[in-house]
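Reading through the structure tokens given below for one structure.
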Amino acid sequence: MSRHSWTMSLAAVVALLVLAQPGLVAQAGGASATDITKANIDAVLGHQGPDGVGTDRQIKVVDLGKYNLGVGVLRRGPTKEGAPVGAIAHSQVTEVYYIISGGGTLVTGGTIVGQKPLAAESEVVRIAVGASVSGTFQGGERRLVGPGDVVIIPAGVPHGFADIKDHVTYLSVRPDPDHVLPAGYVHPALKQ
């Protein structure tokens, strides 16, 4: 996918997300825009420092008044055929996935077996998605996803990947009406 078409697709996803939230467009009033370039995304994915190196790498979190908006990038490697599918659900934060490269089977819904809360002090809870639980899937809807696909996962809905042959890399746009995510956060790779 060319950089122009990739940027246009991402812009369309973010625009749809914002327009789907009643009353959010007007509140942004004189606020300046926040850029996340492909170079920023590549820098975050390539980061090797002591912080911001997990699978889920929050790029930026912006305070938009009535809500915060986070944008993260995730890269997952191959899954084992026949292995239980890991599931996670976030109690307050919705995610909109935009697949950049690779692909696999995204599983959503169903129930989480062996459900355990993620540690409150973990980076994924503090910076990326807020309070969450994880375990393995029982049931759920399965869909193949690949470059250019968009999936909206409401808060509380279990989700996870299976059947990843090589990798899947995707952006996660995270509207946060409860201000759980840390406004003003910028990934360490972008502070250098």
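Just so you know, all these numbers are worked out from the coordinates, no wet-lab data involved. This is a predicted model, so every value here is computed, not measured. A quick note on method: Cβ atoms are made from the backbone with ideal geometry, for glycine too, and the neighbour counts reach across all protein chains shown.
Take Gln92 and decide whether it is of a type outside the set (Asp, Glu), under 16 Å from the mean Cα position of the chain (by Cα) and surrounded by fewer than 18 Cβ atoms within 10 Å (Cβ to Cβ).
On the way: of a type outside the set (Asp, Glu): yes; under 16 Å from the mean Cα position of the chain (by Cα): yes; surrounded by fewer than 18 Cβ atoms within 10 Å (Cβ to Cβ): yes.
Spelling it out, Gln92 is indeed of a type outside the set (Asp, Glu), under 16 Å from the mean Cα position of the chain (by Cα) and surrounded by fewer than 18 Cβ atoms within 10 Å (Cβ to Cβ).
I'm trying to understand the selection: among the residues of the range 99-117, which are under 16 Å from the mean Cα position of the chain (by Cα), outside any strand (DSSP E or B) and over 26 Å from Asp42 (Cα atoms)?
none
For the range 72-125, give me each residue that is farther than 18 Å from Arg57 by Cβ, among the aliphatic types (A, V, I, L, M) and touching a Lys or Arg at 6+ places or on another chain (Cβ under 8 Å).
Passing the criteria: Leu106, Val107, Ala120.
So Val96 ticks every box in (1) free of Cβ contacts under 8 Å to residues at least 12 places away in the same chain; (2) in a strand (DSSP E or B) but one. Which box is left unticked?
Among (1) free of Cβ contacts under 8 Å to residues at least 12 places away in the same chain; (2) in a strand (DSSP E or B), the lone unmet condition for Val96 is (1).
Of the numbered conditions (1) in a strand (DSSP E or B); (2) more than 22 Å from Ala43 (Cα to Cα), Asp178 satisfies every one except a single condition; which is it?
Checking Asp178 against (1) in a strand (DSSP E or B); (2) more than 22 Å from Ala43 (Cα to Cα), the one that fails is (1).
Check Phe137, Phe161 and return the single one that is aromatic (Phe, Trp, Tyr) and closer than 24 Å to Val44 by Cβ. Before you say what the answer is, go through the steps one by one.
Numbers: Phe137 fails: closer than 24 Å to Val44 by Cβ.
Matching residue, one of Phe137, Phe161: Phe161.
Against the condition closer than 24 Å to Ser101 by Cβ, touching a His at 6+ places or on another chain (Cβ under 7 Å), among the aliphatic types (A, V, I, L, M) and surrounded by 15 or more Cβ atoms within 10 Å (Cβ to Cβ), how does Ile153 come out, does it pass?
Numbers: closer than 24 Å to Ser101 by Cβ: yes; touching a His at 6+ places or on another chain (Cβ under 7 Å): yes; among the aliphatic types (A, V, I, L, M): yes; surrounded by 15 or more Cβ atoms within 10 Å (Cβ to Cβ): yes.
When the stated conditions are applied, Ile153 passes them.
Within the set of pairs 6 or more residues apart or between chains, which connect a residue that is assigned to a strand (DSSP E or B) inside the range 147-169 to a residue that is among the acidic types (Asp, Glu) with Cβ atoms less than 6 Å apart?
Filtered contacts from the range 147-169: Ile153/Glu95.
If I filter the range 110-122 for residues that are out of contact with any helix residue (DSSP H, G or I) (no Cβ under 6 Å at 6 or more places or on another chain), touching a residue at least 24 places away in the same chain (Cβ under 8 Å), surrounded by fewer than 17 Cβ atoms within 10 Å (Cβ to Cβ) and of a type outside the set (Val, Ile, Thr), do I get at least one hit?
Within the range 110-122, the subset out of contact with any helix residue (DSSP H, G or I) (no Cβ under 6 Å at 6 or more places or on another chain) is 110-117, 119-122.
Add one more test, that the residue is touching a residue at least 24 places away in the same chain (Cβ under 8 Å), and what stays is 110-113.
Narrowing further to those that are surrounded by fewer than 17 Cβ atoms within 10 Å (Cβ to Cβ): 111, 113.
Checking which are of a type outside the set (Val, Ile, Thr) leaves us with none.
No; the residues of the range 110-122 include none that is out of contact with any helix residue (DSSP H, G or I) (no Cβ under 6 Å at 6 or more places or on another chain), touching a residue at least 24 places away in the same chain (Cβ under 8 Å), surrounded by fewer than 17 Cβ atoms within 10 Å (Cβ to Cβ) and of a type outside the set (Val, Ile, Thr).
Looking only at the range 125-139, which residues are in a loop (DSSP other than H, G, I, E, B) and either buried (at least 20 other Cβ atoms within 10 Å of the Cβ) or within 15 Å of the chain's Cα centre (by Cα) (or both)? Spell out the reasoning first.
Step one: list which residues in the range 125-139 are in a loop (DSSP other than H, G, I, E, B), which gives 130-131, 139.
Within the range 125-139, Gly130, Ala131 meet the criteria.
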